[in-house]
Amino acid sequence: QVHVVESGGGLVQAGGSLKLSCAASGSSFSINIMGWYRQAPGKQREAVAVSTSGDSTNYADSVKGRFTISRDNAKNTVYLQMNSLKPEDTAVYYCRVFRLGVYYWGQGTQVTVSS
């Protein structure tokens, strides 16, 4: 089992920045994909940024150039630096971890961007 915990959400004005953190604990060896997803009210959950163990990263078009995903493999932690935030970035942000054929989700952290 892998336990996933996000932190760092909050309320910020448009144009501001936030940094989210996601820590995976428990049987956390052999984690090879860590990523961030978000779900806004009334919308489907969508991928925001994904990082593989081979240092490959992918971003949603809507966040390219504004968000940066990074990871500390020694700590089994992944971060999401969010800059130039927009009201449309408002959502619950979830961390997802992939290990040995199983996906694990965190409980989510709320990000609210005011205009």
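The values are calculated or read from the model by the stated rules, or taken from the named source; none is laboratory data. Given the structure is predicted, the values throughout are model-derived calculations rather than measurements. Positions of Cβ are generated from backbone atoms using ideal geometry, with glycine treated the same way; all protein chains shown enter the neighbour counts. For the accessible areas, the whole protein counts, side chains as well, though only heavy atoms, and no ligand, DNA or RNA atoms are used. Shrake-Rupley method; radii C 1.70, N 1.55, O 1.52, S 1.80 Å.
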For this session: Quickly run through the range 68-82 and pick out the residues that are open to solvent by 40 Å² or more (accessible area, probe 1.4 Å), touching a residue at least 12 places away in the same chain (Cβ under 8 Å) and either within 17 Å of Pro41 (Cα to Cα) or outside any helix (DSSP H, G or I) (or both).
Result: Thr68, Ser70, Arg71, Tyr79, Gln81
Seminar exercise, completed: Output for Cβ contacts, cut-off 6 Å, separation at least six or different chains, first residue closer than 16 Å to Gly9 by Cβ in the range 35-48, second open to solvent by less than 20 Å² (accessible area, probe 1.4 Å) and among the charged types (D, E, K, R), reads Val48/Arg38
For this session: Among the candidates Tyr103, Tyr37, single out the residue that is assigned to a strand (DSSP E or B), under 18 Å from His3 (Cβ atoms) and open to solvent by 60 Å² or more (accessible area, probe 1.4 Å).
Result: Tyr103
For this session: Quick one: Leu85 ticks every box in (1) open to solvent by 20 Å² or more (accessible area, probe 1.4 Å); (2) of a type outside the set (Gly, Ala, Ser); (3) assigned to a loop (DSSP other than H, G, I, E, B) except a single one, so which number is it?
Result: (1)
Exercise. When both residues are 6+ apart or on different chains and their Cβ atoms are under 8 Å apart, which pairs have a first residue that lies in the range 55-67 and is open to solvent by 90 Å² or more (accessible area, probe 1.4 Å), and a second that is in a strand (DSSP E or B)?
Worked result: Asn58/Ala47; Asn58/Ala49; Asn58/Val50
Problem set entry | Unmet requirement for Val5, which otherwise passes all of (1) in a strand (DSSP E or B); (2) buried (at least 18 other Cβ atoms within 10 Å of the Cβ) | (2)
Seminar exercise, completed: When (1) assigned to a loop (DSSP other than H, G, I, E, B); (2) over 13 Å from the mean Cα position of the chain (by Cα) are applied to Val63, the one that fails is (2)
Exercise. Taking the range 55-90 on its own, how many of its residues are in contact with a strand residue (DSSP E or B) (Cβ under 8 Å, 6 or more places away or on another chain) and at positive phi?
Worked result: 1
Problem set entry | Residues that are touching a helix residue (DSSP H, G or I) at 6+ places or on another chain (Cβ under 8 Å) and assigned to a strand (DSSP E or B), drawn from the range 106-115 | Val111, Val113, Ser114
For this session: Test Ala47 against the stated conditions and say whether it is surrounded by fewer than 19 Cβ atoms within 10 Å (Cβ to Cβ), modelled with pLDDT of 95 or more and in contact with an Asp or Glu (Cβ under 8 Å, 6 or more places away or on another chain).
Result: no
Problem set entry | Residue in the range 106-115 that is touching a Gly at 6+ places or on another chain (Cβ under 8 Å) and open to solvent by 30 Å² or more (accessible area, probe 1.4 Å) present | yes
Exercise. Can you tell me which residue in the range 10-25 is nearest to Asp89 (Cα to Cα), limited to those that are open to solvent by 40 Å² or more (accessible area, probe 1.4 Å) and not in a strand (DSSP E or B)?
Worked result: Ala14
